[in-house]
1. crowded, with 16+ Cβ neighbours inside 10 Å and among the acidic types (Asp, Glu): is that true of A:Asp262 in this structure?
2. So, in the range B:45-69, exactly how many residues are touching a strand residue (DSSP E or B) at 6+ places or on another chain (Cβ under 8 Å), assigned to a helix (DSSP H, G or I) and over 17 Å from A:Gln79 (Cα atoms)?
3. Select from the range A:356-385 the residues that are in contact with an Asp or Glu (Cβ under 6 Å, 6 or more places away or on another chain) and buried (at least 21 other Cβ atoms within 10 Å of the Cβ) and write down the one among them that is nearest to the other protein chains (Cβ to nearest Cβ).
4. If the requirement is being modelled with pLDDT of 95 or more and in a loop (DSSP other than H, G, I, E, B), which of these qualifies: B:Ala125, B:Ala215, B:Ala155?
5. Which of (1) at pLDDT below 95; (2) surrounded by 14 or more Cβ atoms within 10 Å (Cβ to Cβ); (3) among the β-branched types (Val, Ile, Thr) does B:Thr150 not meet, given it meets every other one?
6. Any idea which residue in the range A:196-205 is surrounded by the most Cβ atoms within 10 Å (Cβ to Cβ), counting only those that are part of a loop (DSSP other than H, G, I, E, B) and either within 9 Å of another protein chain (Cβ to nearest Cβ) or free of Cβ contacts under 8 Å to residues at least 60 places away in the same chain (or both)?
7. Give the residues of the range B:77-103 that are within 16 Å of B:Leu66 (Cβ to Cβ) and of a type in the set (Val, Ile, Thr), sorted by residue number.
8. Between a residue in the range A:79-95 that is more than 14 Å from chain B (Cβ to nearest Cβ) and any residue that is hydroxyl-bearing (Ser, Thr, Tyr) and buried (at least 18 other Cβ atoms within 10 Å of the Cβ), which pairs come within a Cβ distance under 8 Å, given they are 6 or more apart or on different chains?
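The values are calculated or read from the model by the stated rules, or taken from the named source; none is laboratory data. This structure is a prediction, so every number in the text was calculated from the model and none was measured. Don't worry about glycine lacking a Cβ; one is built from the backbone with ideal geometry, like all the others, and counts go over all protein chains shown.
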Amino acid sequence: MSGTSRRAFLADAAGALAGISLLPRTISMAPIRLAEPVRVGLVGVGRQGRAIITELQKLPDVTIGAVCDTSTSRLSAAQARAPGSRAVEDFRAVLDMEDIPGVIVASPTHLHREIVEAAIAAGRHVYCEAPLAATVEDCLAIATAAAGTSLVLHAGFQARSNPVYQRAHPLVQTELRDIISMGGHFHHKTSWRFPTVDPGMERNANWRLDPEVSSGLVGEVGSHQVDVALWYRENLPVTALGTGGVRFHRDGRVVPDTVHVDLRWPDGTSFHYDATLANSYGGRYEVFHGSNGAIKLADTHGWLFKEVDAPTQGWEVYATRQQFFQDEGIILIADATKLAAQGRLKDGIGLPYPPLYYALADFLRSVTEGTPVACSASDGARSSIVGILANQAVLSGSAVSISIPE
Amino acid sequence: MGTRFELILADQADPGRLRSVGERAIEEIRWCHERFNRYSPSSFVSFLRHSKQGHRVPVDRDTFNLLRLARDICLASDGAFDPSGGRGMSDLDLDEDLSTVTSRRPGVVLDFGGIAKGFALDLAASVLREHGVESAFLHGGTSSAIGIGTPPGKAGWRVTLGGPRSNWSVLLMDEALSVSAAWEDNPNPTRDPRTRTIIPCPRRVAVVGPIATLADAWSTAALVHGERPSGLGSEWYVCFA
């Protein structure tokens, strides 16, 4: 075997050994195509709604047929961003449009339930932004509504559709060996306050800061990161402990801008979560520590850090590495088997599209092709509820038991 | 856009509200960066490059407006400003009714480096104005700037072109400024998109007018022309320094 062909063989084997072939699709810069064209309606066109419009417009087979919001200024801005769409203020008008089989719900979290239940009753497929709801009762109601239908209900926990996180999923089992601990980190210096032109809309726009309806940092943001742990672990924590407070944004708010949460599993392992709106250092990531190494995931990138006494795989010789002070990480590359075969392994570092793009594409493939739902309503409800209960632990300062009825 | 943007909000208002308005304005700048960054595989520019010949690409109204402005200035400047690098903006069909862009040839590569900073500043400034901000200064990489109103107790936002060869300065009041320059030892020298020849240097031009997007594009065109572009309206001030 020549040197070149041996390298190619080993690089190819790298993918196979790492379980990369389990990935369901090719990571490509080319846009994802659907089996057939589809029209969708978007309910809620605030900040997240805008991001959704941007990503939907990268899917050539998708037409945004309608946009909906109770704010006329947001609605007119959304229609400008999605030309050709119908703009309506009442979500029921979207559900009345016979040519729109699927709706994307990006309204404030506490308003999801009514819209989702009505959409399912109207026979519409639903992508519901995560967390699914702001109360345990509403989460369970959404899961129940989805369970009684053959319609698609996709919960918007994007990690489940993220090729980097899919790539890491089997590695957590095979490479880390015994899980010692897990963690999530969200540091972003921002007010979390949304200015409005109309003072009467101030409270509506700032529902995240309204303790009556907000599930706080750990509910709104942390549930996405907790979902990764629940997905990888395939079981639930039993207890949540938390602390938090307003450390920086002393503008009259009572919803903590800084929280620390511990979720504990029956086997003694825990997921430690830190989130703050007062500091940006470190950004957003999740980390899984095992006796053979650690995996760090940060939205579009992922790394494997191996212990020196962990078995070395042949493919690691050709893996792409990155130095982090005293640690060296192996960059996790989605769809590496195919890229390695083409000698383009480094092209796979990072994702060509934002995670939201893959989540929306997964939803629409489920709608048009019948592919399995990447994040079901029941999975989404579980992660949402854990976030809600963790927020209760933060607010109460005491341990909260986690028990979710099937 | 590979540079630092800064916003100074000088209103006498609730600092918390000003911060949130500023964050909202920065979101617009970030959106522009993600949209028009030719090095990002998920940007609109990359998407257009990989779209099939003849495929109608739907775009939001802001992107459509930028494309139309870029095409119009390309024509008005006799090609001195050309995001297609001289390959022809005319290869793009813009359908206003459908808000689509269609490429007549595959692999169209657009570089909005000569206009995107100004566009981002205009979007950010519109957010500030929409939320009632009356006194602010915004700049991107110090080469594009907008002054909204005046600083407290001053006649305008004073901007000085530094460097050993100039101390030219201007007061901005509800105006935009863009500076383009060609300098020696630039590893990526500015070229005339029509001839691919390198612009004589050193050369520096400042353009002042009502809209940062246009100031940005016209300063590039003026740099290429080496004189005030004939297509530029009388409301614009041009200074070579």
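1. Considered against the rule, which asks whether it is crowded, with 16+ Cβ neighbours inside 10 Å and among the acidic types (Asp, Glu), A:Asp262 comes out as yes.
2. Looking only at that region, the number is 4.
3. Filtering first and then ranking leaves A:Tyr357.
4. B:Ala155
5. Failed condition: (1).
6. A:Thr196
7. Across the range B:77-103, the qualifying residues are B:Thr100, B:Val101.
8. A:Phe91/A:Ser107
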